[in-house]
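The values are calculated or read from the model by the stated rules, or taken from the named source; none is laboratory data. This structure is a prediction, so every number in the text was calculated from the model and none was measured. Ideal geometry is used to build each Cβ from the backbone, glycine not excepted, and the neighbour counts take in all protein chains shown.
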Amino acid sequence: MLKYMRKYWPFALLAAFFMVCEVSVDMLQPRLMARIVDEGILGLNHGGLPDLDLIWSVGIQMILIVLAGGLCGMLSGTMANLCSQNFANQVRKECFRRIMHLSFQQTDAFTTGSLITRITNDVTQLERLVQQSVRGFIRCLMFMVVGTITLLSLDQRFLVIIACAFPLVLLNIGFVLWKTNPLFPLLQKKIDSMNTVIQENINGTRVVKAFIQEDRETERFGRANEDLSDTQLRVLLIMSYMRPVMNIILNLATVALIWIGAIHVRQGGLAPGEVMAAVTYISQILGGMMMLAMIFQTLSRGMASAARLKKILNTVPAIDDGPVRTGKTVPGWIRFDHVDFSYPDGSQTEVLRDIDLTIEPGETIAIVGATGCGKTSLVNLIPRFYDVTKGTVYVDGVDVRRYELAALREKVAFVTQKNELFSTTIRDNITLGRPGAPEEEVRRAAKAAQAEGFILEQPDGYDTAVAEGGMSLSGGQRQRIAISRALLKNATFLILDDSTSALDLRTEAALYQALEENYSGQTRIIIAQRIATARRADRIAVLDEGTIIACGTHEELLATCPVYQDICDSQMKSGGAA
Ligand SMILES: Nc1ncnc2c1ncn2[C@@H]1O[C@H](COP(=O)(O)OP(=O)(O)O)[C@@H](O)[C@H]1O
Ligand SMILES: [Mg+2]
């Protein structure tokens, strides 16, 4: 974690330096005050008469010193902020970069809510830790050490008071830390849970409304929220007990000090002003200790957060780069070589079994099968969203695991089933894979995807803003923008995962026609629910419970594959009924 501090050590050192200056000034004041009282007012060196000149000159010294102290305080604060903010900024940036490189499986394991908490709240805790370390910690330490030395230099007999008060204070702080320490990791976990509920519900607000589940979900949030405030309350209750106890110790110490001081004044060993200074010092010393307790608390909370952030920073991406940048065969060739696959979630259920399939360059292959039979899982293996459990996937003659990830994914244009759009303009959504692509190519892609018609009808055409998640558009419109994006990428492979399901048959036909005319030569893999869509492909692979049971043209399959016949029959019937 310290390596993210690297550039900011000078700020930290300057913050600490100015802090030392500021505290030194604070600690000079009681001494000057004592002079004003003893020499100025009581006139102990002036024959018992007040010395107004001395009051003036020491008073002016006090004011100048206070001003200098204030300046040091400001500089120390500024440096500490520069240091902690820059450090936090670095950590946040690095965490985000790491999160972007995690595999799907790893992101799922962290949960979105927790990742958001970590990159926001946990980084804030860490930032406070840095602040407190470079400022508060030094302040307390100086108050305690220098204060004790100065106090003893006034009169060594004050040692008794310190010797009595210290153990009590330590006991008090120790107890609080012992009680609160285990609560901090728990606190961050509760924030995770609350964020997960918030995130799920805000994302799924349409579903929640459609199923009239607002009250139930509000209740669910209420539980997470209550859990959080319960834990927070436990911390605060323990803390709230600390301050009064410290105050009692402080006041007892003060009374003892005045009592001892008074005896020494009567005996002539101390001046009244010096006793006054001693009172200030003892409250600075014990106040410093009290602050130290708070700092330890920030420290332990910050450490808990640092551990959580380290989990992100130390996670090695499960899917990592290989050395290869280019393929060995004609571009556009895929082979699944006896591939088995199960999701790495520990469930061990085989999603794909012994897949053996070769797709030739320029070929269009359709994959059909019931929902949940593994179609999406199969195509996810091509750009390595997941790795196979057994066997090999070859792209252009090279095992996908041997590719540099960026080089492999450069080859693939993937339209996912969910058609994720971002809250920016339609143009930016289309040019996602090729920012700054020439206008005519953007329009060519949109035209082929049958999207230009409705895009031009939008208030600002291509520059119309899309609402978050694409909610300002219909399902079919979202699909067509997602397809435009994939076409603009002009990659070797085009994978459409159920991407034209929301289009009417005529629009869909026009789209495939345009693909043939404008983007010929691409190898296409089309996952389709409708036989009408699948029929356009050169070959159709029928997937059933994770295995390919048949592969061939529509006519061949109709003649030989009962599962395919069933799918056709059911669609004919529902088509007929419509
Ligand atoms: N991220 C995942 N983690 C664990 N299991 C999954 C995941 N995604 C899908 N599955 C499971 O894998 C099987 C195949 O899913 P999928 O490939 O999405 O099917 P299809 O696309 O054919 O509808 C299903 O049983 C599903 O429950
Ligand atoms: Mg699917």
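Here are the numbers:
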item: Number of the exception - Thr376 against (1) within 16 Å of ligand 1 (Cβ to nearest atom); (2) of a type in the set (S, T, N, Q); (3) part of a loop (DSSP other than H, G, I, E, B); result: (3)
item: Among (1) in a strand (DSSP E or B); (2) away from ligand 2 (no atom under 16 Å from the Cβ) - the single one Gln348 does not satisfy; result: (1)
item: Residue among Glu226, Glu274 that is under 30 Å from Glu127 (Cβ atoms) and assigned by TED's automatic domain parsing to the domain that holds Ser153; result: Glu226
item: Every residue from the stretch 420-431 that is surrounded by 17 or more Cβ atoms within 10 Å (Cβ to Cβ) and either hydroxyl-bearing (Ser, Thr, Tyr) or not assigned by TED's automatic domain parsing to the domain that holds Ala467 (or both); result: Thr425, Thr431
item: Helices (runs of 4 or more DSSP H) enclosed by the stretch 435-489 - at least 3 residues per element that are in contact with a Gly (Cβ under 9 Å, 6 or more places away or on another chain); result: 475-489
item: Ser501 being away from ligand 1 (no atom under 15 Å from the Cβ) and in contact with a Gly (Cβ under 9 Å, 6 or more places away or on another chain); result: no
item: Hits in the stretch 439-475 (condition: hydrophobic (A, V, I, L, M, F, W, C), surrounded by fewer than 19 Cβ atoms within 10 Å (Cβ to Cβ) and over 25 Å from Glu517 (Cα atoms)); result: Ala465, Ala467, Met471
item: Subset of the stretch 276-314 (residues that are of a type in the set (Phe, Trp, Tyr) and either outside any helix (DSSP H, G or I) or surrounded by 22 or more Cβ atoms within 10 Å (Cβ to Cβ) (or both)); result: Tyr281
item: Pairs where the first residue, in the stretch 478-499, is within 22 Å of Leu381 (Cα to Cα) and more than 16 Å from ligand 2 (Cβ to nearest atom) and the second is hydroxyl-bearing (Ser, Thr, Tyr) and not in a strand (DSSP E or B), C-beta under 9 Å, 6+ apart; result: Ile483/Ser499; Ile483/Thr500; Arg485/Thr431; Ala486/Ser499; Leu487/Tyr519; Asn490/Tyr519; Leu494/Tyr519
item: Number of the exception - Arg266 against (1) surrounded by fewer than 16 Cβ atoms within 10 Å (Cβ to Cβ); (2) more than 38 Å from the chain's Cα centre (by Cα); (3) not in a helix (DSSP H, G or I); result: (3)
item: Among the candidates Val316, Val330, residue that is within 28 Å of the chain's Cα centre (by Cα) and of a type outside the set (Ser, Thr, Tyr); result: Val316
item: First in the stretch 352-373 and assigned to a loop (DSSP other than H, G, I, E, B), second anywhere and near ligand 1 (Cβ under 8 Å from one of its atoms), Cβ under 8 Å, 6 or more apart; result: Gly369/Lys375; Gly369/Leu543; Cys373/Leu543; Cys373/Gly546
item: Thr371 vs. criteria more than 28 Å from the chain's Cα centre (by Cα), within 16 Å of ligand 2 (Cβ to nearest atom) and surrounded by fewer than 16 Cβ atoms within 10 Å (Cβ to Cβ); result: yes
item: Set Arg535, Arg506, Arg434, Arg480: member being crowded, with 17+ Cβ neighbours inside 10 Å and away from ligand 1 (no atom under 16 Å from the Cβ); result: Arg480
item: Looking only at the stretch 188-211, and only at residues there that are surrounded by fewer than 17 Cβ atoms within 10 Å (Cβ to Cβ) and among the small types (Gly, Ala, Ser), the one that is nearest to the chain's Cα centre (by Cα); result: Gly204
item: Residue match in the stretch 382-390 (condition: surrounded by fewer than 19 Cβ atoms within 10 Å (Cβ to Cβ), within 16 Å of ligand 2 (Cβ to nearest atom) and closer than 27 Å to Ile567 by Cα); result: no
item: Any hit, the stretch 404-414, residues being β-branched (Val, Ile, Thr), crowded, with 17+ Cβ neighbours inside 10 Å and either part of a helix (DSSP H, G or I) or within 16 Å of ligand 2 (Cβ to nearest atom) (or both); result: no
item: Whichever residue in the stretch 342-368 is buried (at least 16 other Cβ atoms within 10 Å of the Cβ) and near ligand 1 (Cβ under 10 Å from one of its atoms) and, among such residues, is nearest to the chain's Cα centre (by Cα); result: Pro344
item: Options Val145, Val197: the member that is assigned by TED's automatic domain parsing to the domain that holds Phe17, closer than 30 Å to Ala306 by Cα and free of Cβ contacts under 8 Å to residues at least 40 places away in the same chain; result: Val145
